[in-house]
Amino acid sequence: MSRPDLNTAAGADPFADAEVVLDVDGLVKHFPLTQGVIFQKRVGAVKAVDGVSFQLRQGETLGIVGESGCGKSTLAKLLMRLESPDEGSVRFRGEDFLAVRGEELRRLRRKIQIIFQDPYTSLNPRMSVGDIIAEPFKLHPDAKPQQGIRPRVKELLDVVGLNPDHINRYPHQFSGGQRQRIGIARGLALNPDVIICDEPVSALDVSVQAQVMNLLEDLQAEFGLSYIFIAHDLSVVRHISDRVGVMYLGRLAELGTEDEIYGAPGHPYTQALLSAVPVPDPTLRGKREQIVLQGDPPSPANPPSGCRFRTRCWKATEICAEEEPALTPRPGVPHDVACHHAEVREDLTA
């Protein structure tokens with residue numbers, strides 16, 4: 001399945017007319033904080049994800065970027081139903097993914113798979129590579145391939161660039177990049193429509209990161225996959241994403257196409273992140289303004305009132321403390337920004 005024509009005007013969304021595969025609306029997950037050993041009393045909650053909404057379209061890669069602890073991995077677990085949300089909805093091709101149970105849930109789960117962050121801990125060291133990749137067929141026996149499991153496993157190894165003859169080897173006999181390819185093969189086994197990539201290259205060397213990302217792009221073009229690509233590395237997200245969502249303290253601060261977010265960021269937090277990206281050209285170093293944020297990120301157990309970024313923002317005014325800004329287009333900013341004082345900056349990327 002081919003991707004839409006990407007030769008569009010700068011900032012335009014080539015997937016605007018594509019089918020919505022995943023529709024996430026108002027997703028909330030709070031983890032309770034308790035006191036006491038025997039009689040545990042709830043004294044608060046960690047607001048890991050607090051009202052996240054977005055759409056993922058056919059063949060698109062949506063990058064989710066933000067600091068550690070902003071809720072990215074919790075969001076991934078909610079989308080996989082590895083955690084149950086407190087509020088909100090997730091619809092897969094129009095079906096309520098959070099409401100289904102039993103066989104209906106098993107059927108939909110085949111269509112949404114995940115690639116985990118650490119290739120050293122996400123593979124069972126006691127299982128051979130063939131058994132690891134074949135495991136989804138044991139959990140979903142009615143999805144057993146017609147040509148047989150072993151030939152299908154060999155085919156998957158070949159698809160991700162590994163030697164099919166190594167089917168009987170164990171994870172410790174592979175490098176980190178090869179192990180992540182094994183994880184990708186396992187994610188492809190059930191022919192999913194959506195793959196959630198939870199920081200899939202953060203544990204790999206830079207050269208290996210590029211190989212794995214190129215593989216993901218090739219697989220997307222070949223099989224028409226939709227990705228949610230979670231990372232904290234802005235350059236990695238820019239390389240692979242069609243749209244980008246910037247998370248801060250459990251909420252989306254900004255959402256737009258890759259060109260909009262990197263070329264014309266409107267939220268002060270996004271601008272600060274981009275100003276901190278290293279400049280590869282030594283002749284340009286020192287010529288670009290670097291925005292240094294003051295203070296530490298607030299605790300997700302006690303976020304500030306109003307705008308969550310206001311305690312570190314140089315633009316904050318009274319309204320920022322009183323009213324939480326909605327994620328919506330603002331005057332002068334064509335894409336969605338959650339900021340009362342949003343203003344485009346075009347001088348933060350080289």
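The values are calculated or read from the model by the stated rules, or taken from the named source; none is laboratory data. A quick note: this is a predicted structure, and the numbers were derived from the prediction, not measured. Neighbour counts are summed over all protein chains in view; Cβ atoms, including those assigned to glycine, are modelled from backbone coordinates with ideal geometry.
Within segment 142-155, can you find the residues that are under 18 Å from Met127 (Cβ atoms), surrounded by fewer than 22 Cβ atoms within 10 Å (Cβ to Cβ) and within 29 Å of the chain's Cα centre (by Cα)?
If the condition is that a residue be under 18 Å from Met127 (Cβ atoms), surrounded by fewer than 22 Cβ atoms within 10 Å (Cβ to Cβ) and within 29 Å of the chain's Cα centre (by Cα), then Arg152, Lys154 are the ones that fit.
Collect the residues in segment 312-341 that are in contact with a His (Cβ under 6 Å, 6 or more places away or on another chain), in a loop (DSSP other than H, G, I, E, B) and either among the small types (Gly, Ala, Ser) or under 13 Å from Tyr269 (Cα atoms) (or both), keeping them in residue-number order.
Lys315, Cys339
Within segment 1-36, track down each residue that is modelled with pLDDT of 85 or more and not in a strand (DSSP E or B).
Matches in segment 1-36: Ala18, Glu19.
Applying the selection to segment 265-283, what residues are modelled with pLDDT of 90 or more and either assigned to a helix (DSSP H, G or I) or within 28 Å of Ala45 (Cα to Cα) (or both)?
His267, Pro268, Tyr269, Thr270, Gln271, Ala272, Leu273, Leu274 - these are the residues of segment 265-283 that are modelled with pLDDT of 90 or more and either assigned to a helix (DSSP H, G or I) or within 28 Å of Ala45 (Cα to Cα) (or both).
Residue by residue through segment 185-213, note down the ones that are polar (S, T, N, Q) and not in a loop (DSSP other than H, G, I, E, B).
Ser207, Gln209, Gln211
What pairs come out if I take residues in segment 118-134 that are modelled with pLDDT of 95 or more and pair them with residues that are part of a loop (DSSP other than H, G, I, E, B) and basic (Lys, Arg) whose C-beta lies under 9 Å away, six or more apart or interchain?
Note: pairs meeting the criteria are Ser128/Arg169; Val129/Arg169; Gly130/Arg169.
Conditions first: (1) outside any strand (DSSP E or B); (2) at pLDDT below 95; (3) closer than 20 Å to Pro298 by Cβ. Ala45 passes all but one, so which condition is the exception?
Every condition holds for Ala45 apart from (1).
Could you list all residues from segment 66-75 that are at pLDDT below 95 and closer than 26 Å to Ala18 by Cβ?
Residues satisfying the conditions are Gly66, Lys72.
The rows are residues; the columns are (1) out of contact with any Leu (no Cβ under 6 Å at 6 or more places or on another chain); (2) acidic (Asp, Glu); (3) loosely packed, with under 14 Cβ neighbours inside 10 Å; (4) free of Cβ contacts under 8 Å to residues at least 12 places away in the same chain.
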residue	(1), (2), (3), (4)
Leu75	yes, no, no, no
Glu87	yes, yes, yes, no
Val90	no, no, no, no
Gly102	yes, no, yes, yes
Arg110	no, no, no, no
Gln113	yes, no, no, no
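So if I check each of Gly250, Gly295, Gly286, which one is of a type in the set (Gly, Ala, Ser), closer than 30 Å to Leu33 by Cα and modelled with pLDDT under 85?
After applying the criteria, what remains is Gly295.
Among Gln290, Gln294, which is the only one that is in a loop (DSSP other than H, G, I, E, B), touching a Lys or Arg at 6+ places or on another chain (Cβ under 9 Å), surrounded by fewer than 18 Cβ atoms within 10 Å (Cβ to Cβ) and without any contact (Cβ under 8 Å) to a residue 40 or more places away in the chain?
Gln294
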